[in-house]
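Structure, as structure tokens:
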Amino acid sequence: MTVKTIGFPGRYLQGPGAIQELGSLLKELDSRFPVVVADDVVRHAAGKVMDEALATAGIIARQLRFSGECTAGEIGKLVEAAGSSHVDMVIGFGGGKTIDTAKGVAKALGCRLIIVPSIASNDSPTSRLIVLYDDQHGVAGVEKMARNPDVVLVDTAIIARAPVRFFIAGLGDALSKKFEAAQCHLAGGKNFFGTESLATARLLADHCYETILEFGLDAVAQVRAHSAPNDAVERCIEASVLLSGLGFESGGLSLSHALTRGFTAHPELSKFLHGELVGFGTIVQLIAENRPVAEIQKHTKFCQALGLPVSFAEMNVQNISDAALIDIAEKTHAAPYIGNLHPAADVDRIVDCLQRADLLGNSLVQRQD
């Protein structure tokens, strides 16, 4: 028997108007000199709500402008801009790359961290991982904070007002966790705390998938039509932010996320959202697991119904070349968690699974037409 680890954020709050709790949380955590990391898009769309929440508590926060890509250089620039050693709290307000940049700034400054996601497009808010990219938007590596965020504050009214594409992408990212955590466990792999997973982590990953199956289509329709949360939206945001985050960090990853190393190195695929790439990667993983054809088709049809891309053509890559497939497969095979897969996959097998997933997706799109 071995020691196993699971990690959680210090506190998780979710609901419409949850951002109004920010001031009281900062006071409770004895923060007097916070900085907010946000990009121009989020500042324009929801900055006023953030400012009002802080002003109500009599708090003035310095603003650090995020340029859009989470690189080591960008983190260094914002750390320098923060300047004063008096900074005692970093607030990451935005999407996945803003959140990871805020983590990097908090790590460098040695201070506490509050995450306020403006979209629910990926699993980054609850974890201590920092996914770094290069200037060409490819994944360059992963770093870790010493601990998970102190607070994750999820205002579902803000998230529901964001473009529905982000919401759908978050579901695509979350759908992978059941299969990745299971494969990591079966292969004897490690989670992101360096241990085998506890059963609790795998249960959370399973529940994440079941929640999206039950509420996903209704939630997407609600966001698309009304840009406001209801119970289905709340349940899906809980799945794509909390359950997905806990499931991957404490359960481990597999082929679905390993493929992002290859996808983000492709000039066209790199333009798509993380959750969209992972969603397609999960179809590839199910094929690699040798699951029954009917199960793979059912999952793929559900992804299609949600609005996720299920073929390369839907990601603006018509008739993908053998050379491109090999390059994706080689970079995927070099990912650190590619070993968390049974049966194991070499480059040739990854190429074959990519081709089969693309063929399945194209057949469903043609049938729909």
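The values are calculated or read from the model by the stated rules, or taken from the named source; none is laboratory data. These numbers were taken from a predicted model, which means no experiment stands behind them. Methodologically, a virtual Cβ is constructed for each residue, glycine included, from the backbone with ideal geometry; neighbour enumeration extends over all protein chains shown.
Specify the residue that is surrounded by the most Cβ atoms within 10 Å (Cβ to Cβ); the eligible residues are those in region 267-288 that are within 15 Å of the chain's Cα centre (by Cα) and of a type in the set (Val, Ile, Thr). For region 267-288, the residue satisfying everything is THR282.
Within region 19-60, being among the small types (Gly, Ala, Ser), touching a Leu at 6+ places or on another chain (Cβ under 7 Å) and buried (at least 19 other Cβ atoms within 10 Å of the Cβ) holds for one residue alone: ALA53.
All conditions but one from (1) more than 16 Å from ASP173 (Cα to Cα); (2) surrounded by fewer than 20 Cβ atoms within 10 Å (Cβ to Cβ); (3) in contact with a Gly (Cβ under 8 Å, 6 or more places away or on another chain) apply to ALA294; the one that does not is (3).
Among the residues making up region 315-364, those that are small (Gly, Ala, Ser), surrounded by fewer than 22 Cβ atoms within 10 Å (Cβ to Cβ), out of contact with any strand residue (DSSP E or B) (no Cβ under 9 Å at 6 or more places or on another chain) and not in a helix (DSSP H, G or I) are SER321, ALA334, GLY339, ALA344. Look at region 216-237: where a residue is touching a residue at least 60 places away in the same chain (Cβ under 8 Å) and a partner is basic (Lys, Arg) and surrounded by 14 or more Cβ atoms within 10 Å (Cβ to Cβ), sitting 6+ places away or on another chain with Cβ atoms under 6 Å, you get SER227/ARG161.
Quick check, is ALA205 modelled with pLDDT of 95 or more, crowded, with 19+ Cβ neighbours inside 10 Å, assigned by TED's automatic domain parsing to the domain that holds VAL310 and part of a helix (DSSP H, G or I)? The answer is yes for ALA205. Between ILE91, ILE99, ILE114, ILE130, the distinction of being β-branched (Val, Ile, Thr), outside any loop (DSSP other than H, G, I, E, B) and either out of contact with any helix residue (DSSP H, G or I) (no Cβ under 9 Å at 6 or more places or on another chain) or in the same structural domain as LEU217 (by TED's automatic domain parsing) (or both) belongs to ILE99 only. The set of residues from region 271-312 being part of a loop (DSSP other than H, G, I, E, B) and charged (D, E, K, R) comprises GLU289, ARG291. Taking region 64-79 as the range and being among the charged types (D, E, K, R), modelled with pLDDT of 95 or more and touching a helix residue (DSSP H, G or I) at 6+ places or on another chain (Cβ under 8 Å) as the test, the residues that pass are ARG65, GLU74.
Residue pairs whose Cβ atoms lie under 7 Å apart, separated by 6 or more positions or on different chains, with the first residue in region 85-108 and touching a residue at least 40 places away in the same chain (Cβ under 8 Å) and the second assigned to a helix (DSSP H, G or I) and of a type in the set (Lys, Arg), are GLY92/LYS103.
Being in the same structural domain as PHE312 (by TED's automatic domain parsing), at pLDDT below 95 and surrounded by 21 or more Cβ atoms within 10 Å (Cβ to Cβ) narrows it down to one of THR264, THR211, so name that one.
Every option except THR264 fails the conditions.
Among the residues of region 1-25, those that are over 18 Å from ALA46 (Cβ atoms) and either at pLDDT 95 or above or hydroxyl-bearing (Ser, Thr, Tyr) (or both) comprise THR2, VAL3, LYS4, THR5, ILE6, GLY7, PHE8, PRO9, GLY10, ARG11, TYR12, SER24.
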